[in-house]
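Beneath this line is the structure, given in structure tokens, with notes to follow.
Bear in mind that the values in this text are calculations on the coordinates, not laboratory data. Since the structure is predicted, the reported quantities are computational estimates derived from the model, not experimental observations. Backbone-built Cβ (ideal geometry, glycine too); neighbour counts: all protein chains shown.
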Amino acid sequence: MRPTSIYRCQACGFQAGKWYGRCPDCGEFSTIVEERPTAGRGPGGARRPAPGRGESAAPLRLTAVAAGDATRVKTGIVELDRVLGGGVVPGSLVLVGGDPGIGKSTLILQASQALARAAGPVLYVSGEESAAQVKLRADRLGVDAAELFVLAETQLEAIEAHLATIQPRILVVDSIQTVYRGELESSPGSVGQVRECGARLMLLAKSRGLAVFLVGHVTKEGALAGPRVLEHLVDTVLYFEGERHATYRVLRAVKNRFGSTNEIGVFEMSDRGLREVANPSAAFLAERPRGASGSVIVAALEGTRPLLLEVQALVTTAHFGTPRRTVLGADYNRVCLLLAILEKRAGLPLQNQDVFVNVAGGARCHEPAADLAIALASASSFVERPVAPDVVALGEVGLTGEVRAVSGLETRVREAAALGFVQAVVPRSSLVPGGAYPVAVTGVATLDEAITLFVR
Ligand code: TYD
Ligand code: MG
């Protein structure tokens, strides 16, 4: 049977059996292009991932399959290794996403050094900078390894040709939006190119046992340009985030076939590249004002790792119409909800107050366990009375004003104690009778109770 063409939207990935001038799914004009299936392609025009070098794999008993965890290669950057799940797995495809200028190239170049020393040749393909520019950056970072090769190239076929000569163990493609396959008509960075190049690199990774790092820029809306097509394909998705102008950067795994997705790595951008922050809690609290109203510390938990963050709130009388609620680093809707609870359950008249909430240092905290800290900080700013500086607050706040249990209480409280905190206000329901804690814990059942004890 003659293969029939399929038509795909380059903006949203919508597929149809006929051409449309306007995509019925996303409504964009002129984004539908024809894709002709060729031999070797599966349904939908996507290339079927081959299990090995073109041969079909035989079923194996699970007990007979080698796990191969021992073959992980360390990047030499502890924070990165942890997020990867203990190092780079040969044959894996890792996507490193983040806003332009956040430090993706810097991070991967720094990691390339240790990888080149530990695993063998690393091929760093730069589609954005010339080899000389990469060298300049490497010099500034003090990166120097004999087995690190640089290639300024954007055509995928040309890149592949070099794999045969250099035989790298690690391939870096910086960025996936700049590479293209000559046989496709669409321009580099289009969904079709990103998907096809990603699929081809996946095949190379699996068949050669090559670990591939793909750098991807994120659009303003937070999506990887090339609407998330790569996220499904790759083994690991890491996001590098933080305020571009703040010094701290957080690397977060959002997908990991070889490790936990809860781990984070914290870095500081310096004039000599990224530096690991071994004690992020101390770093995030370094500039904390003591004795100021509207500042409360929360012991957040990122994966298995506790992190102390300062929640700041500023509540001031609104002078125009609807009062403003501005939130940075926390969940906007949760903050609005907490303000309504403060009003209704704790009797704080906030309806004519502008409220600004910020997690200091450019950090981010979206877990419900930060509710109590946000509510206490807002209440403290409103009544202009500080919460004692040696207190950490923990707890989810429900709509009736109840303070609900949080997970990992011990880990959080231990981190607080390690940084010199002596008191914690926690959900009463999280306390185990007769439990020993390294700080003085006060269990509260309601938000009102917490405010009475710590603010008023
Ligand atoms: P870069 O790694 O080029 O970002 P990305 O690849 O994510 O676009 O990092 C760029 C920023 O980092 C740039 O604003 C300059 C800054 N930077 C430093 O502050 N110190 C350094 O040593 C380097 C290499 C970059
Ligand atoms: Mg870059």
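Give me Rg/Rg_expected for the chain, where Rg uses Cα atoms only and Rg_expected = 2.2 N^0.38 Å with N residues.
Working: Rg = 25.7 Å, N = 456, 2.2 N^0.38 = 22.5 Å.
It is 1.14.
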### Task
Among 357, 143, rank each residue by its count of other Cβ atoms within 10 Å, from fewest to most, as a rough exposure measure.
143, 357
### Summary
Long-range amide H partners of residue 387, meaning residues 5 or more apart or on another chain whose placed amide H is closer than 5 Å, are 294, 295
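Given a Förster radius of 41 Å and the C-beta distance between residue 417 and residue 320 as r, what FRET efficiency does 1/(1 + (r/R0)^6) yield to the nearest 0.05?
My answer for the efficiency is 0.35.
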### Summary
So, relative contact order of the chain in percent, Cα under 8 Å, 6 or more apart, is 11 percent
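Have a look at the DSSP beta bridges in the chain and tell me what percent are antiparallel, nearest 5. Mind showing how you got there, number by number?
Numbers: 43 of 84 bridges.
Counting DSSP beta bridges with both partners in the chain, the antiparallel share is about 50 percent.
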### Query
What is the percent of Cα-Cα separations in the range 372-456 that go past 23 Å?
15 percent
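In square nanometres, what is the average projected area of the Cα convex hull of the range 301-456? Mind showing how you got there, number by number?
On the way: hull surface 34.5 nm².
Average projection, Cα convex hull of the range 301-456: 8.6 nm².
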### Query
Based on the Cβ-Cβ distance from residue 385 to residue 410, what FRET efficiency comes out when R0 is 35 Å, to the nearest 0.05?
0.70
### Message
Going by Cα centres, the range 59-133 and the range 367-429 are how many Å apart?
### Response
38 Å
### Task
Report the net charge of residues surrounding residue 389, where surrounding means a beta-carbon distance below 15 angstrom and charges are Lys +1, Arg +1, Asp -1, Glu -1.
0
### Query
According to a simple spin-label model (label point 7 Å from Cα along Cα-to-Cβ), what is the distance in nm between residue 19 and residue 158?
3.1 nm
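To one decimal place, what orientation-averaged projected area in nm² is obtained for the convex hull of the Cα set of the range 270-349?
Working: hull surface 33.5 nm².
That works out to 8.4 nm², a quarter of the Cα hull's surface.
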### Message
Using only the alpha-carbon atoms, what does the range 120-247 span along each of its principal axes? Please give whole angstrom values in decreasing order.
### Response
40, 37, 25
### Task
Run the numbers on the range 326-407 and let me know its relative contact order in percent, using alpha-carbon pairs under 8 Å that are six or more apart.
32 percent
### Task
Apply 1/(1 + (r/R0)^6) to the Cβ-Cβ distance of residue 63 and residue 257, taking R0 = 30 Å, and write down the FRET efficiency to the nearest 0.05.
0.90
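So what's the back-of-envelope 222 nm ellipticity for the chain, counting only DSSP H runs of four-plus at -39500 (n - 2.57) apiece and dividing by all residues, rounded to 500?
Working: 11 runs with 119 residues, N = 456.
After summing the helix terms and dividing by the residues of the chain, the value is -8000 deg cm²/dmol.
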### Task
Report the antiparallel proportion of the DSSP beta bridges in the range 142-281 as a percent, rounded to a multiple of 5.
75 percent
#### Entry: For q = 0.10, 0.19 Å⁻¹, Debye-computed log10 I/I(0) when each Cα of the range 230-366 counts as one equal scatterer
-0.43, -1.14
### Query
For the cross-link pairs 18/104; 74/206; 255/344; 74/135; 206/255, which exceed 29 Å when the distance is taken from alpha carbon to alpha carbon?
18/104; 255/344
### Summary
Once the dipole of the range 236-328 is set up from charges on Cβ (+1 Lys and Arg, -1 Asp and Glu), the residue from the list 323, 262, 242 lying farthest towards its positive end is 323
